[in-house]
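Student: Sharing a structure with you now.
None of the figures in this text is laboratory data; all of them are computed from the coordinates on show. Note that the structure is a prediction, hence the values are computed from the model and not measured. Ideal geometry is used to build each Cβ from the backbone, glycine not excepted, and the neighbour counts take in all protein chains shown.
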Amino acid sequence: MIRRNLLDVNVLIALTESAHIHYRQAQDWFNAAGKGNWGICPFTEAGFVRVTTNPGFRPVPRSIGQAMAILQMLKTYPGYTYWEIGESESWVNITVPFAARISGYQQVSDAYLLGLAIKKDGVLVTFDSAIQKLAGPKFKDNVLVLG
């Protein structure tokens, strides 16, 4: 069985920004292994819109409408899956398996995405190597760090 890949915000942005430092790495992974079974969730959508519309992100930031159009376009790509978030997937519930390793506020979103990947037996694809420590040995197969 092929596990589904949940894209972290940093990978999603790198895939859609040709000027991004990790653009080539993201494209190479996606074309070689990712495009068969990948997806995003409400957290990654919101993060994508928040970052790419920020005036500090690029010389000419995207409008909200442009960011939403990109997210809509991604739905047409092969292998796309939308990772629904259900009522039982509250932040507290979904992070229980590794809560003792959450060390600060900067891991709040990462912890949720990792918890979602674990709950749905998927893989969180990221450029953030610190998520491996959060996952620990038990959930190391639920994280793929590119680069």
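Student: What are the ³J(HN,Hα) couplings of the stretch 44-56, residue after residue, when phi is run through the Karplus curve with 6.51, -1.76, 1.60 and θ = phi - 60°? Round to Hz, x for glycine and proline.
Tutor: In residue order, the calculated couplings are 6, 4, 4, x, 4, 5, 4, 6, 6, 9, 6, x, x Hz.
Student: Run through the stretch 1-101 and list the GluC sites (Glu not before Pro) located in a DSSP loop whose Cβ has at most 13 other Cβ atoms within 10 Å.
Tutor: Sparse-neighbourhood loop GluC sites (Glu not before Pro): 84, 87.
Student: Something else about it: For the chain, count all C-alpha to C-alpha pairs, find those more than 26 Å apart, and express that count as a whole percent of the total. Walk me through the numbers on the way to the answer.
Tutor: Working: 2340 of 10731 pairs.
The share of Cα pairs beyond 26 Å in the chain comes to 22 percent.
Student: While we're here: Give me a comma-separated list of calculated 3J(HN,Hα) values for the stretch 23-39, in order, Karplus coefficients 6.51, -1.76, 1.60 applied at θ = phi - 60°, integers in Hz, x for any Gly or Pro.
Tutor: After applying 6.51 cos²θ - 1.76 cosθ + 1.60, I find 3, 4, 4, 4, 4, 4, 5, 4, 5, 7, 9, x, 5, x, 6, 9, x Hz.
Student: Next up: Hey, what did the stretch 33-147 get for relative contact order, percent, Cα under 8 Å, at least 6 apart? Display every interim value, and only then the final one.
Tutor: Values: 114 pairs, mean separation 24.5, N = 115.
21 percent.
Student: For residue 130, put the label point 7 Å out on the Cα→Cβ axis and report which residues of the stretch 47-87 keep their amide N under 20 Å from it.
Tutor: It comes to 47-48, 50-52, 57, nothing else.
Student: Moving on to the next point. Loop-only check: which trypsin sites (Lys or Arg not before Pro) in the stretch 48-147 are DSSP coil with at most 11 other Cβ within 10 angstrom? Please list the in-between numbers first.
Tutor: Details: sites: 50, 62, 75, 101, 119, 120, 133, 138, 140; in loops: 62, 75, 120, 138.
For trypsin sites (Lys or Arg not before Pro) across the stretch 48-147 that sit outside H, G, I, E and B with at most 11 neighbouring Cβ atoms in 10 Å, the list reads 75, 138.
Student: Less than 27 Å apart at the alpha-carbon level, and either on another chain or at least 8 residues along: which lysines does that give for residue 75?
Tutor: Straight-distance partners of residue 75: 35, 119, 120.
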